[in-house]
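Colleague: Just passing along the structure, written as structure tokens.
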Amino acid sequence: MADIRPFQAIRPAEGQEKIISALPYDVYNRAEAREVVLKNPHSFLAIDRAETQFPEDMDMYADCVYEKASSMLKEWQKEGLFIKEDTPCYYIYELTMGGRVQTGIAACASIDDYQNNVIRKHENTRAEKEQDRIRHVDACNAQTGPIFLAYRENQTIAGVIAKIKALTPLYDFISEDGVGHRVWVIGAVEDIALMKEAFDSIDAIYIADGHHRCASAVKVGLKRRAANTGHTGEEEYNYFLSVLFPDNELKIMDYNRVVKDLNGMTAEEFKDKLLEIYEISEPKNVPVRPEKKGEMAMYLEGKWYLLTLKKDLYSSDPVDGLDVSILQKYVLAGLLDIQDPKTDQRIDFVGGIRGLQELERRASSDCVLAFAMYPTSIGELFAVSDAGLLMPPKSTWFEPKLRSGLFIHEL
């Protein structure tokens with residue numbers, strides 16, 4: 001049973017939503033974040049990445065950076081850029097990208113559900129990456145970036161969404177990256193009750209994207225719980241900001257790999273060894289994209305090849321059977337001696353949103369080899385999570401990204 005609750009969002013005042021909302025803080029490097037905020041001082045990135053308010057040589061993890069994020073959030077509220085909802089509500093958040101629509105529910109999920117595996121994970125988190133968001137949430141007394149969650153489609157939830165979407169949206173804008181964003185409020189008592197009851201009937205929710213943000217929010221909640229002698233379980237710190245999407249509307253893009261050397265082999269020697277694992281097509285001068293599970297494309301020495309996994313290497317294991325796992329085990333580790341892709345400097349990862357041309361560019365500049373993957377499916381993600389297992393790093397790339405600053409959850 002999933003405890004998914006309505007909440008009193010702090011959200012942009014009417015007319016401010018397009019100006020304020022921003023892509024997630026971790027999409028940008030430091031220079032890119034500074035450039036965005038320079039162009040638009042009211043981008044929410046100014047709060048999410050408050051080092052942009054200081055000289056370039058400022059330690060981005062200094063206490064004053066988090067204090068600045070907190071003070072700016074308060075200032076923007078005082079200036080009327082943000083308002084706070086009078087009563088707890090659910091919110092419908094629709095995103096449209098390339099003609100494809102996905103519609104989620106912005107709400108708050110329970111840290112207890114995270115602890116007891118009702119909310120299921122498919123990635124490990126790293127403590128050093130959590131620390132930044134822990135300090136940000138703590139200083140702002142708010143969660144500013146939603147966690148992207150998924151659930152198996154539910155007809156009751158779909159019915160409420162369809163009913164409310166027939167009304168005029170609260171927000172309706174296209175962001176600078178061409179993605180359409182529309183928001184509606186679910187505020188009627190009977191609709192809230194229907195939504196709450198529907199989520200109560202769901203026994204598993206899945207983290208699609210935002211494992212580190214989620215772990216950070218949970219750790220802040222547990223810390224505050226331990227410090228509160230009058231803790232009841234109803235406090236806002238027991239819940240974290242989320243947007244939940246039905247599985248049938250989600251699309252996972254490919255998450256591709258580029259490699260800096262062939263581990264001492266020539267291209268021909270590498271291809272000969274690869275033939276023990278994959279059938280290799282004739283070389284092509286145009287980009288090749290894998291069309292089904294078990295296929296992968298390779299770019300090497302200016303040529304594209306389609307690789308098809310040999311049947312005796314297929315696995316029914318939820319993790320071992322993933323295309324990214326097979327590549328890691330037999331090729332990256334087995335042939336190229338890249339044992340830990342999280343730390344090895346010889347490998348890098350390229351999100352599918354950048355296209356195959358980016359793989360060609362990388363393999364012709366700072367790398368020598370690229371692999372274009374067939375995307376992991378949402379069903380595979382659910383199977384790994386249900387088994388209590390973990391995917392290899394960089395197995396999934398979700399688009400479109402949820403904007404930060406549209407919904408803020410005050411603790």
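Rule-based calculations on the coordinates, nothing more; no lab input. No experiment lies behind these values; they were computed from the predicted model shown. So basically every Cβ, Gly included, is an ideal-geometry build from the backbone, and we count neighbours across all protein chains shown.
Colleague: How far, in degrees from 0 to 90, does helix 127-140 lean away from the longest principal axis of the Cα atoms of the chain, to the nearest 10?
Modeller: Tilt of helix 127-140: around 20 degrees.
Colleague: If you don't mind, another one. Using 7 Å Cα-to-Cβ label points, what is the Asp344/Arg289 separation (nm, one decimal)?
Modeller: 2.8
Colleague: Using a 10 Å cut-off on Cβ atoms, rank the peptides 276-284, 251-259 from the highest mean neighbour count down. Please report the intermediate quantities before stating the final value.
Modeller: Values: 276-284: 14.6, 251-259: 21.2.
Descending mean neighbour count gives 251-259, 276-284.
Colleague: So which chymotrypsin sites (Phe, Trp or Tyr not before Pro) in the range 30-85 pass both tests, a DSSP loop state and at most 13 other Cβ atoms within 10 Å of the Cβ? Please report the intermediate quantities before stating the final value.
Modeller: On the way: sites: Phe44, Tyr61, Tyr66, Trp76, Phe82; in loops: Phe44, Tyr61.
Passing both the DSSP loop test and the Cβ count: Tyr61.
Colleague: Given Lys18/Lys342; Lys121/Lys329; Lys273/Lys293; Lys273/Lys303; Lys39/Lys78, which pairs have Cα atoms separated by over 27 Å?
Modeller: Numbers: Lys18/Lys342 35 Å; Lys121/Lys329 22 Å; Lys273/Lys293 21 Å; Lys273/Lys303 18 Å; Lys39/Lys78 23 Å.
Table pairs above 27 Å Cα-Cα are Lys18/Lys342.
Colleague: In nanometres, what is the gap between the two model label sites at Arg225 and Thr125, each 7 Å from Cα along Cα-to-Cβ?
Modeller: Going by the 7 Å Cα→Cβ label model, 1.3 nm.
Colleague: Could you work out how much longer the chain between Asp57 and Asp172 gets when fully extended? Use 0.36 nm per residue separation minus the Cα distance between them, nm to one decimal. Show your work: numbers first, answer last.
Modeller: Working: separation 115, 0.36 × 115 = 41.40 nm, distance 3.82 nm.
Gain in length upon complete extension: 37.6 nm.
Colleague: Further question: For all pairs of alpha-carbon atoms in the range 255-374, what percent lies in each bin of width 5 Å, listed from the first bin to the last filled one?
Modeller: Calculated over all Cα pairs of the range 255-374, the distribution is 2, 12, 24, 27, 23, 11, 2, 0 percent.
Colleague: With a 10 Å cut-off between alpha carbons and a GNM built on the chain, which of Met373, Met391, Met60 moves the most?
Modeller: Among Met373, Met391, Met60, the largest GNM mean-square fluctuation belongs to Met60.
Colleague: If one computes the Cα centroid of the range 262-328 and of the range 101-148, what distance in Å separates the two points?
Modeller: Between the Cα centres of the range 262-328 and the range 101-148 lies a distance of 35 Å.
Colleague: While we're on this one: Report the local net charge at Met265: Lys and Arg +1, Asp and Glu -1, summed over other residues whose C-beta lies under 15 Å from its C-beta. Don't jump to the answer; show the numbers that get you there.
Modeller: Values: positive: Lys260, Lys271, Lys273, Arg346; negative: Asp261, Glu268, Glu269, Asp272, Glu276, Glu301, Asp337.
Residues close to Met265 contribute a combined charge of -3.
Colleague: Near the amide H of Val350, under 5 Å away, which other amide H atoms are found, from residues 5 or more places off or on another chain, if H is placed in the peptide plane?
Modeller: Asn256, Arg257, Val258
Colleague: Using Cα springs under 10 Å in a Gaussian network model of the chain, which residue among Ser316, Ser110, Ser377 shows the largest mean-square fluctuation?
Modeller: Residue with maximal mean-square fluctuation among Ser316, Ser110, Ser377: Ser316.
Colleague: Can you tell me which of Leu23, Leu335, Leu369 moves the most in a GNM of the chain? Springs connect C-alpha atoms under 10 Å apart.
Modeller: Result: Leu335 has the largest fluctuation of those listed.
Colleague: Continuing with the same structure: In nm, what is the difference between 0.36 nm times the number of residues separating Asn116 and Lys196 and their Cα-Cα distance? Before the final figure, lay out each step's value.
Modeller: Numbers: separation 80, 0.36 × 80 = 28.80 nm, distance 1.94 nm.
Fully extending the segment from Asn116 to Lys196 adds 26.9 nm.
Colleague: Per residue of the range 281-290, what does 6.51 cos²θ - 1.76 cosθ + 1.60 with θ = phi - 60° give for ³J(HN,Hα)? Whole Hz please, x for Gly and Pro, Karplus curve as stated.
Modeller: Values per residue, Gly and Pro as x: 6, 5, x, 10, 8, 10, x, 10, 10, x Hz.
Colleague: Another one. In the range 201-272, which GluC sites (Glu not before Pro) are in a loop and have at most 15 other Cβ atoms within 10 Å, using DSSP for the loop call? Each step should come with its number before you reach the end.
Modeller: Numbers: sites: Glu234, Glu235, Glu236, Glu249, Glu268, Glu269; in loops: Glu234, Glu235.
Those that pass, being in a loop and sparsely packed, are Glu234, Glu235.
Colleague: Same structure, new question: Tell me, what are the semi-axes, in whole angstrom and largest first, of the equivalent ellipsoid of the chain as set by the roots of 5 times the Cα gyration tensor eigenvalues? Please list the in-between numbers first.
Modeller: Details: eigenvalues 303, 120, 85 Å².
In descending order, the three semi-axes are 39, 24, 21 Å.
Colleague: To continue, here is another question. Report the Cα-based extents of the range 115-267 along its three principal axes, largest first, to the nearest Å.
Modeller: Principal-axis extents of the Cα atoms in the range 115-267, largest first: 67, 45, 33 Å.
Colleague: How far apart, in nanometres, would the label points at Lys165 and Glu14 be if each is projected 7 angstrom from Cα along the Cα-to-Cβ direction?
Modeller: 2.4
Colleague: For helix 63-78, report the angle its Cα long axis makes with the longest principal axis of the Cα atoms of the chain; keep it between 0 and 90° and round to the nearest 10°.
Modeller: 50
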